[in-house]
Ligand code: SAH
Ligand code: SF4
């Protein structure tokens, strides 16, 4: 979502005649769009500010520095105490005010912050700025915020309560993206599966989007297992443009831990859901997120996670050591020693990587349909993704970014497939 937000911030900045530059030294303004989900991401912000300061040392011009995103939201005016380099602090639901904040700053040189949580106003304002993204595979935010309050997570506090955009606004923006060359759209939300605008839920929204001409592929992320009703399962059977791959974070395979996390679902419920998807679309594949070392996690609980991984055979996944986040309930729980958490992460990641490798290997000597995205730096090599988001590199062929091609896969690594085009 930060990628989408950054693009929109860039659209806003061009309205006040700022353009992107590629050298740090030549920038008049810096905007850091930040993430607060884990401690590491947050720490990185201040060390990166230090790096910029170092590069600019000795120059007599001080650029405007904007701290945007969820760190800005969580720390608000405290940011000014932590770093005197920052001039403007703006939260993820207030960045539409950035052109004004910058204009005011240029007039008065006074440090300001805006951390209002007015999502509806943000999207209404953004309508006046054309989405200039021209990537074959583009993101669009359709939903923001979260009311689920998992006990480890900062999202309900940084992005605010759940909000779903008006379907007309979404469809107009997708049409703009498709006119600019987008052929694949990923619908985004912290709780995208909970999208609900008046009576339009995610399944009916997808039905509305699907007929858009020249749009070839639809995906959505991130979902919560509890939001899938029959409509949202059957849409995988009914809508061919919806890709047969779903990111469905489970976090843990232990019912005890799921309960301590306030996930409000069990491992049995999750497995049953996977079965339901496979029933309506046989070739569905799943990816997931995992947290290891959550307070209270025993060896037995961890084994339950490994066992669930083995049962579902995820095609790829993200896994993290639990990170204590300020303001969330789990921060005060008795913590698991870091060394134990690290060992568990290693074991889990090994298992996940092996599964990913096996999945990639299963594609060797088969053909796969690739949406071509761009020519790589090598020049005569094309890059694209297949239905399962696997990265595919195709040698020595003419380029047709934006079209779909049948590719014969010859080899793979853990992260990539390599092939040749069947019909040039
Ligand atoms: N809404 C999605 C996930 C949003 S956050 C869901 O419900 O699953 C993205 C991922 O970051 C989460 O799935 C989780 O695995 C990870 N994450 C969130 N908070 C974390 C924390 N405190 N420590 C470690 N990982 C965390
Ligand atoms: Fe965070 Fe997702 Fe839980 Fe919401 S549902 S609190 S975004 S992990």
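No lab work stands behind these numbers, since they all come straight from the coordinates. Everything quoted here is computed from the prediction, not taken from an experiment. All Cβ positions, even for glycine, are placed from backbone atoms using ideal geometry, and neighbour counts span all protein chains on display.
Residue 28 to residue 347: extension gain in nm, 0.36 nm per residue of separation minus the Cα-Cα distance?
Using 0.36 nm per residue and subtracting the Cα-Cα distance, I get 110.2 nm.
Please report, for the Cα atoms of the range 189-269, the Rg to one decimal and the Dmax as a whole number; what are they, in angstrom?
In Å, with Rg to one decimal and Dmax whole: 14.3, 47.
In whole angstrom, note down how far apart the Cα centers of the range 76-121 and the range 1-52 are.
If we compute the Cα centre of each part, the gap is 13 Å.
Rank by packing, highest mean first: peptides 376-389, 63-76, with packing defined as the count of other Cβ atoms within 10 Å averaged across residues. Please report the intermediate quantities before stating the final value.
Working: 376-389: 16.9, 63-76: 22.7.
Order by mean packing, descending: 63-76, 376-389.
Divide by every residue of the chain the summed helix terms, -39500 (n - 2.57) for each DSSP H run of at least 4, and state the resulting mean residue ellipticity at 222 nm, rounded to the nearest 500 deg cm²/dmol.
Working: 14 runs with 154 residues, N = 424.
The helix contribution divided over the chain gives -11000 deg cm²/dmol.
Can you give me the three principal axis dimensions of the range 1-82 from its C-alpha atoms, in Å, biggest first?
Per principal axis, max minus min of the Cα coordinates gives 32, 30, 21 Å.
Rounded to the nearest Å, what's the spacing between the alpha carbon centres of the range 189-240 and the range 280-327? Just the number, please.
Comparing the Cα centres of the range 189-240 and the range 280-327, I get a distance of 24 Å.
Return the Rg/Rh value of the range 91-224, two decimal places, where both radii are evaluated on C-alpha atoms and Rh is the Kirkwood radius. Walk me through the numbers on the way to the answer.
On the way: Rg = 16.2 Å, Rh = 16.1 Å.
Taking Rh as the inverse mean 1/r over Cα pairs, Rg/Rh reads 1.01.
In nm, give the distance between the simple-model label positions of residue 339 and residue 367, each being 7 Å from the Cα along the Cα-to-Cβ direction.
With each label placed 7 Å out from Cα toward Cβ, I get 5.6 nm.
Would you kindly state how much longer the chain becomes between residue 331 and residue 110 on full extension, computed as 0.36 nm times their sequence separation minus their alpha carbon distance, in nm to one decimal? Could you put the intermediate results ahead of the total?
On the way: separation 221, 0.36 × 221 = 79.56 nm, distance 3.53 nm.
Additional length available on full extension: 76.0 nm.
Please report the antiparallel percentage of the DSSP beta bridges confined to the chain, to the nearest 5. It would help to have the intermediate numbers written out before the result.
Values: 24 of 61 bridges.
Rounded to the nearest five, the antiparallel share is 40 percent.
Stick to the Cα atoms of the range 1-143, pair each with every other, and give me the Kirkwood hydrodynamic radius in Å at one decimal. Show your work: numbers first, answer last.
Numbers: mean 1/r = 0.0635 Å⁻¹.
After inverting the mean inverse Cα-Cα distance, the result is 15.7 Å.
Two decimals is fine: what's Rg over Rh for the range 336-424, C-alpha atoms, Kirkwood radius as Rh? Kindly include the intermediate steps, with their values, before the conclusion.
Values: Rg = 16.3 Å, Rh = 14.1 Å.
That ratio equals 1.15.
For the chain, with equal point scatterers placed on the C-alpha atoms only and solvent neglected, what are the log10 I(q)/I(0) values from the Debye formula at q = 0.11 1/Å, to two decimals?
Reported log10 I(q)/I(0), two decimals: -0.97.
Stretched out fully, how many nm does the piece from residue 375 to residue 266 gain, at 0.36 nm a residue minus the Cα gap? Write out the running numbers ahead of the final one.
Numbers: separation 109, 0.36 × 109 = 39.24 nm, distance 4.42 nm.
Stretched fully, the residue 375-residue 266 segment lengthens by 34.8 nm.
Listing 323, 125, 164 from the residue with the fewest other Cβ atoms within 10 Å to the one with the most, what is the order? Write down the numbers at each step before the final one.
On the way: 323 19, 125 15, 164 24.
Placing the least packed residue first, the sequence is 125, 323, 164.
Round to the nearest 0.05 the FRET efficiency obtained for residue 358 and residue 420 when R0 = 22 Å and r is the Cβ-Cβ distance.
Numbers: r = 23 Å, r/R0 = 1.02.
Plugging the Cβ-Cβ distance into 1/(1 + (r/R0)^6) gives 0.45.
Specify, per residue and in Å³, the volume enclosed by the convex hull of the alpha carbon atoms belonging to the range 1-44.
Working: hull volume 3.7 nm³, N = 44.
Expressed per residue, the convex hull around the Cα atoms of the range 1-44 is 85 Å³.
log10 I(q)/I(0), Debye, Cα-only the range 93-159, no solvent, q = 0.16, 0.17, 0.28 Å⁻¹?
-0.77, -0.84, -1.20
Sorted by average packing, counted as other Cβ atoms within 10 angstrom per residue and highest first, what order do 97-109, 172-184 take? Walk me through the numbers before you get to the answer.
Working: 97-109: 15.2, 172-184: 18.6.
Top of the packing list down: 172-184, 97-109.
Got a sec? How would 281, 57 order by Cβ neighbour count within 10 Å, fewest to most? If you can, show how the numbers build up before the last one.
Details: 281 17, 57 7.
In order of increasing Cβ crowding within 10 Å: 57, 281.
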